[in-house]
1. Once label points are set 7 Å from the Cα along Cα→Cβ at both ALA115 and ARG78, what is their separation, rounded to one decimal in nm?
2. Tell me, what HN-Hα J-couplings in whole Hz come from the Karplus equation 6.51 cos²θ - 1.76 cosθ + 1.60 at θ = phi - 60° for each residue of region 110-123, using x for Gly and Pro?
3. At a 10 angstrom cut-off on C-beta neighbours, averaged per residue, how do the peptides 73-79, 100-106 rank from highest to lowest?
4. Amide H to amide H, which residues 5 or more places from VAL60 or on other chains are under 5 Å from it, using H placed in the peptide plane?
5. Using the beta-carbon distance between LEU31 and ARG122 and R0 = 25 Å, what value does 1/(1 + (r/R0)^6) give for FRET efficiency, to the nearest 0.05?
Amino acid sequence: MFQATMPPRSGDTHTPTTSTTHAPARRARPLYFGPSHPLAQIARRHCRTHHTEPQPTRQVGQVACGACWEHAIRTDERFAVECDLDEEPAVPADHIDEIAVAYAVTGRPVTLTKAEREAAIRLLGDRQVPVKRISRLLRVNLRTVIHTLCTPLNAPDPSAADQTPAPWSTTP
Ligand SMILES: [Zn+2]
């Protein structure tokens, strides 16, 4: 049997029948879609200015409603594509947010760091997902997918200045 607990409507007097002791709030790591997200300000501003009706009550990460988050992300992505920008968010390139990776591998539009993109490609590669599908899911070109899957995990970055020989090129 499905039992939904309805939130109290505004105007309802909600008096708990049992005495509640205030347990210390569990401090999890910050929400992915929260105030620290690179697009939070854009989503918040959009949410505050683009609703003719009263503000939506369900805000994701106490920033904006889902529709405004989506708008901010899609706009950012479109802008990046139109301007041919690298889709690098304002975090170090080696930062890996596992939640972002988990979202990305399901095809959700999330902005990934270089390391996250590689992790997502490898994860899908491990699952035997065809490269074309990986490319479509992650919105990454096919060459990048193949290159990542063909590159050993700890291979030196070819863009790095030092030309350390790759470990697989040395003779045993
Ligand atoms: Zn909104």
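1. With each label point 7 Å from Cα toward Cβ, the separation is 3.2 nm.
2. Taking θ as phi minus 60°, the curve returns 10, 8, 10, 6, 4, 5, 5, 4, 5, 4, 5, 4, 5, 4 Hz for region 110-123.
3. Details: 73-79: 14.3, 100-106: 18.4.
Highest to lowest by the protection proxy: 100-106, 73-79.
4. Amide H to amide H, under 5 Å and 5 or more residues apart or across chains, VAL60 pairs with CYS65, GLY66.
5. Working: r = 26 Å, r/R0 = 1.02.
Approximately 0.45, to the nearest 0.05.
Each reported figure results from applying straightforward, stated rules to the coordinates on display, with no laboratory input. Since we're looking at a predicted model, the values are computed, not measured. Cβ: placed from backbone, ideal geometry, glycine included. Neighbour counts: every protein chain shown.
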